[in-house]
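Asks: Following this message is one structure expressed as C-alpha cells.
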Amino acid sequence: MHVDHQREKFVQTVVFFAKSVRKLGKTKLFKLLYFADFMHYRDTGRSMTGLDYFAWKMGPVPVAFFEEIKHPKPDLAACVDFRETPIAAGQMLAVTAKCGFDAQHFSKREIRILNQLAEEFKDATADEMVEKTHLENSPWHKVWDVEGRRQAQISYDLALRGQDREAIQSLVDARTEFLSAFQSE
C-alpha cells in the first residue's frame, strides 16, 4: 500500500492551523497554507503541502482544496470539520480540528515555519490576511496586478529573487539527479 506523505502533511497542516489560530475560516486558512508553502519553497525549492495556488480576486486560492471542502476526502473529514457559522458580516465557513496534530512527517524547518505563521497571524482576520497577500511584489501581486493574469496559477518561483531562483534550481537539479541515480541502482 502506497502512503502519500504529501497528503498527510497537507491534512496535518490544516489540523495545525485549526488548533493554533483563532477565527479560522476558509479564507484565513487558504492564506496560511499559501504563506507556509511559499516560505518553505523559498528556503528549500519544495512546497510543504503540494498544493497549487491560483490568483483570485481575494488572493491566492488552492483551488483543489477549495473544491474538496464541499466533499472532504475521508482522511480530511476525520481530522477537520468545516461548518457555516454566523458572524457579524453574515456567514463564515469555520474550520475546526477533530484530531490532534501529528508532527511525525514534518522537518524542524517546517515546524518552525508553521509556528512562526501561527504566532504572527493568531488573531488576524480574513481581511487582514487578504491584505497581507496583496502586498506589492508578492507572488499573487505579480500574477494578478503586474501580469493581469486573473485566475492563473501562481508559480512558486515567484517567491524567489533572481539569484535565489538560480541557486534553488541548482539544488533541485542536484537532488533530482541524486534520486534518479539512487533509484536506478
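The values are calculated or read from the model by the stated rules, or taken from the named source; none is laboratory data. Small disclaimer: the values here were computed from a predicted structure and weren't measured. We place every Cβ from the backbone using ideal geometry, glycine too, and count neighbours over all the protein chains shown. Just so you know, the surface numbers come from the protein's heavy atoms only, side chains and all, with ligands and any DNA or RNA stripped out. Shrake-Rupley method; radii C 1.70, N 1.55, O 1.52, S 1.80 Å.
Asks: Looking only at segment 109-126, which residues are modelled with pLDDT under 95 and either small (Gly, Ala, Ser) or open to solvent by 90 Å² or more (accessible area, probe 1.4 Å) (or both)?
Replies: Ala126
Asks: Suppose the filter is more than 30 Å from His141 (Cβ to Cβ) and at pLDDT 95 or above; does Phe106 pass it?
Replies: Details: more than 30 Å from His141 (Cβ to Cβ): no; at pLDDT 95 or above: yes.
Criteria not met by Phe106.
Asks: Filter segment 135-155 down to the residues that are within 20 Å of the chain's Cα centre (by Cα) and exposed (fewer than 13 other Cβ atoms within 10 Å of the Cβ) and list them by number.
Replies: Leu135, Glu136, Asn137, Arg150, Gln151
Asks: Any residue in segment 3-30 that's of a type in the set (Gly, Ala, Ser): show its pairings with residues that are part of a helix (DSSP H, G or I) and crowded, with 16+ Cβ neighbours inside 10 Å at Cβ separation under 8 Å, as long as the two are six or more apart or on different chains.
Replies: Final answer for the pair search is Ala18/Leu29; Ser20/Leu114; Ser20/Ala118; Gly25/Ala126.
Asks: Filter segment 25-76 down to residues that are buried (at least 20 other Cβ atoms within 10 Å of the Cβ), under 10 Å from the mean Cα position of the chain (by Cα) and of a type outside the set (Phe, Trp, Tyr), then give me how many there are.
Replies: 15
Asks: Please enumerate the residues belonging to segment 148-165 that are at pLDDT 95 or above and in a helix (DSSP H, G or I).
Replies: Tyr156
Asks: While we're here: I'm told Ile111 meets every condition in (1) within 17 Å of Asp37 (Cα to Cα); (2) touching a residue at least 40 places away in the same chain (Cβ under 8 Å); (3) in a helix (DSSP H, G or I) except one. Can you identify the failing condition by its number?
Replies: If we test Ile111 against (1) within 17 Å of Asp37 (Cα to Cα); (2) touching a residue at least 40 places away in the same chain (Cβ under 8 Å); (3) in a helix (DSSP H, G or I), just (2) comes out false.
Asks: Out of segment 93-105, which residues are more than 21 Å from Val130 (Cβ to Cβ) and not in a loop (DSSP other than H, G, I, E, B)?
Replies: Within segment 93-105, Thr96, Ala97 meet the criteria.
Asks: Among the residues of segment 135-147, is any outside any helix (DSSP H, G or I), farther than 29 Å from Gln91 by Cα, modelled with pLDDT under 95 and touching a helix residue (DSSP H, G or I) at 6+ places or on another chain (Cβ under 7 Å)?
Replies: No, every residue in segment 135-147 fails to be outside any helix (DSSP H, G or I), farther than 29 Å from Gln91 by Cα, modelled with pLDDT under 95 and touching a helix residue (DSSP H, G or I) at 6+ places or on another chain (Cβ under 7 Å).
Asks: Now a separate question. Return only the number of the condition from (1) touching a strand residue (DSSP E or B) at 6+ places or on another chain (Cβ under 7 Å); (2) in contact (Cβ under 8 Å) with a residue 60 or more places away in the chain that Phe101 does not satisfy.
Replies: (1)
Asks: Here are the criteria: (1) over 20 Å from Arg7 (Cβ atoms); (2) part of a loop (DSSP other than H, G, I, E, B); (3) in contact with a helix residue (DSSP H, G or I) (Cβ under 6 Å, 6 or more places away or on another chain). Tell me which single one Asp123 does not satisfy.
Replies: (3)
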